[in-house]
Structures are given as structure tokens and as C-alpha cells.
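Notes for the one structure printed next.
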Amino acid sequence: MSEISETNQQRRTFLGILLGGVVAVLGAVFAWPVFRFLAPREGAGEGDQVRVPKKEIQVGGAHFFSFQGRPAVLLQPRAGDYVALSAVCTHLGCIVKWVNDKGEFLCPCHGGRFSAAGQVLGGPPPKPLETYSLKIEDTDLLVG
Ligand code: FES
């Protein structure tokens, strides 16, 4: 009787350790994406700047790039006139697209429209696209 009880106890201990391991692995699997979402993004430091050659931005065209880990866009609405904006829609955070023939941004999620300067032209966005500081250095543009 004592031998059976001891075997049962060993089995319970083994199953407890096994269950604990499975719970730990599942916890890590579900916690990792949450951690990655909440953790600061790479390159999100205050002093980070992005250098883009001017030749990458056509007059009337848009050049999308990543700034501080987030989508951004550079425009040259008129020759020698540059604008740096966030490409994240201010409604619910979708990435806007540049519509070249209309000269405006369109958000594909709910139809929000923004001017080349980032001002709201229509749709649900509550405020303009965020504007980034921009410096011209010889053949390059410095964003940030
Ligand atoms: S997320 Fe852009 S209009 Fe809704």
C-alpha cells in the first residue's frame, strides 16, 4: 500500500513539473509579442536623424522611409521645396499612400485624405499628419 502511494506521489510530482513546464512555455509564447509591442523601437532615440539623398525625391513624388522606427515620407511638391511627414494616419494609424496624379495622400483604411503639407482634406482623420523637421545639407536631406 505504501509502495503504491509512493508511486502515485512520484507520478503527481512528475505531472506537476511537466504541467509547470508547459505553462511556462505557453506563457513565454504569448508574452513575447506583447513585450515586443510595448518595448521601445530600435532607433527611437531623440537625436536620431535620417539622411536621404535629394535625388531620391522626384518633384511631385513621394519617398517613403522609416524614421525612428515608424513610416515616414518625404515630398518635393515644387522643385527645391521639401516636406517631411509621418506616414501614419491620425485616425486609426494606417499607413497613408501618395496619389501622384491627385497630389495628395489617401488613407486606404477609411478614405482619409491629406494634402501634400499633411493637412486634412477629407474623411475621418481628426488632425494633420505629423511634420518632421528637415534640413538641407548639400546633396542630402536630414530628417529629425
Ligand atoms: S485610419 Fe486613416 S482614415 Fe481611418
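Annotation: of all residues in the range 78-98 being outside any loop (DSSP other than H, G, I, E, B) and farther than 14 Å from residue 119 by Cα, the one that is farthest from the chain's Cα centre (by Cα) is 78. Scanning the range 105-131 for residues that are more than 16 Å from the ligand (Cβ to nearest atom) and either on the phi > 0 side of the Ramachandran plot or open to solvent by less than 30 Å² (accessible area, probe 1.4 Å) (or both) yields a single hit, 116. The sole residue among 103, 122, 69 that is closer than 18 Å to residue 52 by Cβ and without any contact (Cβ under 8 Å) to a residue 60 or more places away in the chain is 69.
Tallying residues that are under 18 Å from residue 135 (Cβ atoms) and either among the basic types (Lys, Arg) or within 11 Å of the ligand (Cβ to nearest atom) (or both) within the range 79-104 yields 0.
The values are calculated or read from the model by the stated rules, or taken from the named source; none is laboratory data. Small disclaimer: the values here were computed from a predicted structure and weren't measured. A quick note on method: Cβ atoms are made from the backbone with ideal geometry, for glycine too, and the neighbour counts reach across all protein chains shown. For accessibility, only protein heavy atoms count, side chains too; no ligands or nucleic acids. Shrake-Rupley method; radii C 1.70, N 1.55, O 1.52, S 1.80 Å.
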